[in-house]
Structure formats: structure tokens, C-alpha cells
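Below is one structure, written out as C-alpha cells; comments come after it.
The values are calculated or read from the model by the stated rules, or taken from the named source; none is laboratory data. Keep in mind that this is a model prediction, so the values were computed, not measured. A quick note on method: Cβ atoms are made from the backbone with ideal geometry, for glycine too, and the neighbour counts reach across all protein chains shown. In case anyone asks, the SASA skips ligands and DNA or RNA and just uses the protein heavy atoms, side chains included. Shrake-Rupley method; radii C 1.70, N 1.55, O 1.52, S 1.80 Å.
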Amino acid sequence: MITNKKPRSSDTDSNYMRDDRTEMSEDDDRSPPSNSITHDSSPTRTCTPGPGSGSSSVPEYLAPYPDQVLENVLENVLWFLTSRKDRNAASLVCRSWYRVEALTRSDLFIGNCYAVSPKRAMSRFTRIRSVTLKGKPRFADFNLMPPDWGAHFAPWVSAMAMTYPWLEKVHLKRMSVTDDDLALLAESFSGFKELVLVCCDGFGTSGLAIVVSRCRQLKVLDLIESEVSDDEVDWISCFPDTETCLESLIFDCVDCPIDFDALERLVARSPSLKKLRLNRYVSIGQLYCLMVRAPHLTHLGTGSFSPSEDVAQVEQGPDYASAFAACKSLVCLSGFREIIPDYLPAINPVCANLTSLNFSFADVSAEQLKPIISNCHKLQIFWVLDSICDEGLQAVAATCKELRELRVFPVDPREDIEGPVSEVGLQAISEGCRKLQSILYFCHRMTNAAVVTMSKNCPDLVVFRLCIMGRHQPDHVTGEPMDEGFGAIVKNCKKLTRLAVSGLLTDRAFAYIGKYGKIVRTLSVAFAGDSDMGLKYVLEGCPRLQKLEIRDSPFGDAALLSGLHHYYNMRFLWMSACKLSRQGCQQIVQALPRLVVEVIKHEDNVDMDEYVETLYMYRSLEGPRDDAPRFVSIL
């Protein structure tokens, strides 16, 4: 629960799954802070010469206990241990290792803010420089959780302000953050350098203004898929007027106009800036000015990628292609939020060097994509809308032989339409991109044969998420359930740790998952399954399962109770619109008293007693939380 992590970076359909669109970095500075809390004094012994040992004039000397020598050596070794899995293992060796590991840990990762209290975490780990904290469960992204559920940052930042004066980095995901929280953070940590807010809410441009004005060593300010209120505060102008330390500035989710002149001046006085992602209020003409100022960028989010209204009437605009050509270091390109396809050829000069291209906001056709993608031979990450159709995916497969991650999002998420991508595109990718490790694929029709082919052609898959929109959709050629396709994935892809299933699935598919999915850690299920046996197969057969998300599936109390042996080992279980009763959930509480069982009701149904609309269950060292709203009942 409390670990050292290089977390990482989710999907956009309200009926299915989504992943965070970011990667959170880890603090590389492993040296202990000079003002940090040090070891308590260890007992020493006074050694005097014994009989026959020589002159009595030999002075006394102090020697540490052998255990203290071991701890000193161990401390020097553990500073170089960065993997949180390895650190967790080291802390379990013995009490001495447990103590030294805590003293040498600089990065704190907490996957559930309610799994441990700030006081407990900070009393154990006293030398922390970087904190990563996660709050609401992932299904909150799909409006499946009422507003104001919790996950407040306030108690954490208050505790950190008193315990970690040398804190440099804070990464938050799905947390509720207020402007007051940001003000306290900015005031408390004089050397603060990095703030990353992913899918957070509750704050506005006023809070951002305080952070950028007071944190004068700020290197990273990344706002990713967060809801930022417009307080009509010109926060960009609040950066210091002197040369800044900025290395990364991401604000593409801030849906309000900015002072472009202030932004241009900021970029000009930020020589270390490598990553810049702009919001939709930045036109392509303004983008040109910024690129001229900062040709050293490695990651660029283009903003709207269309001209402003006044520039649109001018016949001849800047030479955008030359501006891109000057950016010799550019390897990651995103944005294109209000794209005019006529401007797309301007990025051709950088395509040969790109390793990551995000077109997930760009409604482009296959014909518009082909001239671009044909030059992207080094591409490893590609996100795109299904507007490119199967034909566009075939073009990707023909060129991008180094592709590791592909995400295909729907332009229209409605279930009752015939989508533009299908098994044809999936099979083409599997045949052309044999190094693929992660795929998220939204479609309206699929076949078992195409999925089986992918399992054979791409055996290195770690993440496989197939979202067949439309409930209970079978193999559209044979009419059979999609059991054999998903069964082949878990059987043939030996490295698979994350799986999302959809379409018409029987208990047989879940039997395959239980039999072959021995290292699956995250499983997402939507509109699938026959009976309680399906979930039993999974809970009894997947020993490493950490996160289980289920919605609109026929699993009831018997299925829930079949996992009693495993729930203490899981981070959480989410079940919504299933067949659970309050009595069944109460049995879990009685059997596993250290598990927190929350029953969540929508506010217009607060009087429902027996039927459990949503169950959220997680392990915690603290017991039930004390800030639950009235629509949450903790059993």
C-alpha cells in the first residue's frame, strides 16, 4: 500500500474503460536531505584493555555494536535500490531492514489515499522528497460515482507541511484539490520543483497562480485531464520575471483563454523547457511563434492546430513546416484539438524522428493520415480516432514496425451504429506490428479469429483491452460468443498483466482467464458473464489479481463470497449494477473485518436498502474513513 513507485500512465468511452494519459516520473535524487531526520543514537560500549593487554595508558575507545555496523552498510546499499517491489521485499527481511529501508526511502507511493492515514505514513517514512497519491477509483471517470465522494488532498498536504519541509515533488491522481491546498503546498516547501495533477478537480486558475508565483524552483507543472475552473486569473503571467527552471509545462486541459504574450515571454526565458502542451485557445499561428522561441523542445502539444479568426483571412501565413523542421529534437507530438487537415502536412519534417504521436483529438481520415504515417518508421506509441477506418490501420501496420502501444478511440461512442474499425484493422495491426505490447481497441464488431491471430502474432502483449461497443455483441461472422478469442489471449500472451473484456461472453471465457491468467493484475469486465461461476473462476484462479472492476454483469452474492481468501491481497474491488445484496456485503465485513466495504447509492435512490447499486471494497490499515458523504454507507 505504501510503496516507492515509477507510476504510470487512460480510455474515453462512458460505457467502458479509460486509462490515464500520462506517465508520472520518479525522483532520481537518492541522496538524503541535509536537514532530514537522522538515525537515533545507537548504544555503544566502552572497551578497556584487559589483563595482559599492555600498558594501562592505552586510551579507552568506542566501538559500535555489530548490528549498527550492518545498518550503516545496509543504508548505503539501499540508497541505490529504486524498485518499489524490491524495496518492499527488503523491508520484510527483519526489523533492522524494515527500519533502514524506511530511512532511505525518498519516494512515497500510495495507491489508495484511504488505505493508510497521513500520520501513519509519515511516522514511518521520514525522509521523503516525492509523494504520489491516488484517490477515487477509475470508474469515477465514467460518471459511475456521485460527485463529492471524497479523496481530499487537504489532510495529506497539511501533514506533509509539518513533516516534509524538503518535499520536492507531488503527483496526484483522481484527488479533490482546492485552491487552499495549492496555497499551503506553495507556502510550505521552499524547494518545491514538481506538481503533476491527473484527473483531479476542485481547484482553479487562482490556485495555479499561487503555485507558479511562489514556487521559484518549479521544474514541472503538468495538468492532465483535470477540471480547472476559470477564476479569470491570468496565471501564466504569475511566473517569476526572471529566468525559470521550467522543464515541463502541460495545460491542455485548462479550458479557458490565456495571455499569449505572457506565455511567449515565459517560453523565451525558460531555456530548459523540453515539454510543452498547449490548450485549444492557442492557434497554429501562435504555435509557430513558440516553436521559433523553443526549437529545443522534445515533446509538443500543438493546441488547436487551426488559425485564429483574424489570421484565417490572410492569404499567406507563416512557414509552419520550416518551424517544425527546426525542431530537431522533437520525438513526441500531440494536441490537434481543433485541427484543420490542410495544415497537417506541416508536421512531415519531424515524422521520421517521432516515437510518440497522439491523434486522439484529431478527426482525420485514412487519406489524410497516410502521407504522415508513411514517414513514422520509428513510432512506438500511437493514439488515434477510429475515423481513420480499417484502411488507416492497415497503413499503420505497413510502416510502424517498432510500434509498442496502440490506442484506437471512438469518434462516436454510441452503441447503435456501425463503427468504422473492425476485425480487419485489428488483424492488420497484429500482422504488421509484431512488437506490440499494449493495445486499447474500441470497435463495434469483432471476430474470434482476429483476436486469436493477435494472440499468436503478438505474444509480448502486456495490456490487452478490447472494447466492443454494444452490449453482448457476439462474433459478427459466426454468431458465437467471444470466449475463444479472449481465451487465446490469456493462453498465448504469457506476459499479460492487464485485461479488459467485452462482447458476448459466457462463463467459459472466465474459466480461461482463471486457468491461464496467472499473472493478470488488473481485470475490467463490462456487460459480460452468465452466472456466479464466471467470477468464481477468476477469483479462485488469478493469484496476482490486484484490481477488479466489474459493471453491468450478472454476478451476485455467491460470486462475491468466493473471493474471501484473496481480498486482503487486492488493492480494490469495484462492482456496479450487478446482483449484490446488502446481506451478502455484510457477510464480507464479518469475515474480513480489516476490509473497508462501501455501499454507494446515487442520491436519487438513497432509500434503497436491500439492493446494492455500487460496491467499492478496499484494504485499509486505518479502518473506515471519517469523511464519507451521506450517499456512502460503510458496513
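Applying the set (1) closer than 15 Å to Glu598 by Cα; (2) open to solvent by 10 Å² or more (accessible area, probe 1.4 Å); (3) of a type in the set (A, V, I, L, M) to Ala159 leaves exactly one unmet item: (1). Note on segment 140-161: residues that are in contact with an Asp or Glu (Cβ under 6 Å, 6 or more places away or on another chain), assigned to a helix (DSSP H, G or I) and under 18 Å from Ala628 (Cα atoms) amount to 1. Annotation note: of Ser502, Ser455, the sole residue that is hydroxyl-bearing (Ser, Thr, Tyr), buried (at least 18 other Cβ atoms within 10 Å of the Cβ) and touching a strand residue (DSSP E or B) at 6+ places or on another chain (Cβ under 6 Å) is Ser502.
Criterion first (among the hydroxyl-bearing types (Ser, Thr, Tyr) and touching a His at 6+ places or on another chain (Cβ under 6 Å)) does Ser213 satisfy it? It is false that Ser213 is among the hydroxyl-bearing types (Ser, Thr, Tyr) and touching a His at 6+ places or on another chain (Cβ under 6 Å).
Checking segment 472-492 against the condition returns a match, with at least one residue being farther than 28 Å from Asp416 by Cα, at pLDDT 95 or above and buried (at least 23 other Cβ atoms within 10 Å of the Cβ). Scanning segment 119-139 for residues that are outside any helix (DSSP H, G or I) and surrounded by fewer than 21 Cβ atoms within 10 Å (Cβ to Cβ) turns up Thr126, Arg127.
Listed by position, the helices (runs of 4 or more DSSP H) inside segment 162-279 whose residues that are basic (Lys, Arg) and open to solvent by 20 Å² or more (accessible area, probe 1.4 Å) number at least 1 are 205-214, 260-268. Being crowded, with 18+ Cβ neighbours inside 10 Å and within 19 Å of Asp234 (Cβ to Cβ), is that true of even one residue in segment 310-329? No, because not a single residue in segment 310-329 is crowded, with 18+ Cβ neighbours inside 10 Å and within 19 Å of Asp234 (Cβ to Cβ). Quick check, is Pro147 at pLDDT below 95 and either surrounded by fewer than 23 Cβ atoms within 10 Å (Cβ to Cβ) or touching a Cys at 6+ places or on another chain (Cβ under 8 Å) (or both)? Here the answer is yes, as Pro147 does meet what is asked.
In segment 401-421 there is at least one residue matching the filter, namely being open to solvent by less than 20 Å² (accessible area, probe 1.4 Å) and over 27 Å from the mean Cα position of the chain (by Cα).
The criterion of at least 2 residues that are farther than 28 Å from Thr355 by Cα is met, among helices (runs of 4 or more DSSP H) falling completely within segment 388-506, by 448-457, 483-492. Inside segment 374-386, residues that are within 18 Å of Pro345 (Cβ to Cβ) and not in a loop (DSSP other than H, G, I, E, B) make up a count of 1.
Name the strands (runs of 3 or more DSSP E) wholly inside segment 515-614 in which the number of residues that are surrounded by 15 or more Cβ atoms within 10 Å (Cβ to Cβ), under 28 Å from the mean Cα position of the chain (by Cα) and among the aliphatic types (A, V, I, L, M) is 3 or more.
Fully inside segment 515-614 and qualifying: 522-526, 595-600.
From the list Ser334, Ser304, Ser322, the lone residue that is small (Gly, Ala, Ser) and more than 23 Å from Lys378 (Cα to Cα) is Ser304. Going by the conditions given, is Val116 open to solvent by 20 Å² or more (accessible area, probe 1.4 Å), part of a loop (DSSP other than H, G, I, E, B) and of a type in the set (A, V, I, L, M, F, W, C)? For Val116, the condition - open to solvent by 20 Å² or more (accessible area, probe 1.4 Å), part of a loop (DSSP other than H, G, I, E, B) and of a type in the set (A, V, I, L, M, F, W, C) - is not met. Within segment 98-115, residues that are among the charged types (D, E, K, R) have Cβ atoms under 6 Å from residues that are open to solvent by 10 Å² or more (accessible area, probe 1.4 Å) and not in a helix (DSSP H, G or I) in these pairs: Asp107/Glu26, counting only partners at least 6 apart in sequence or on another chain.
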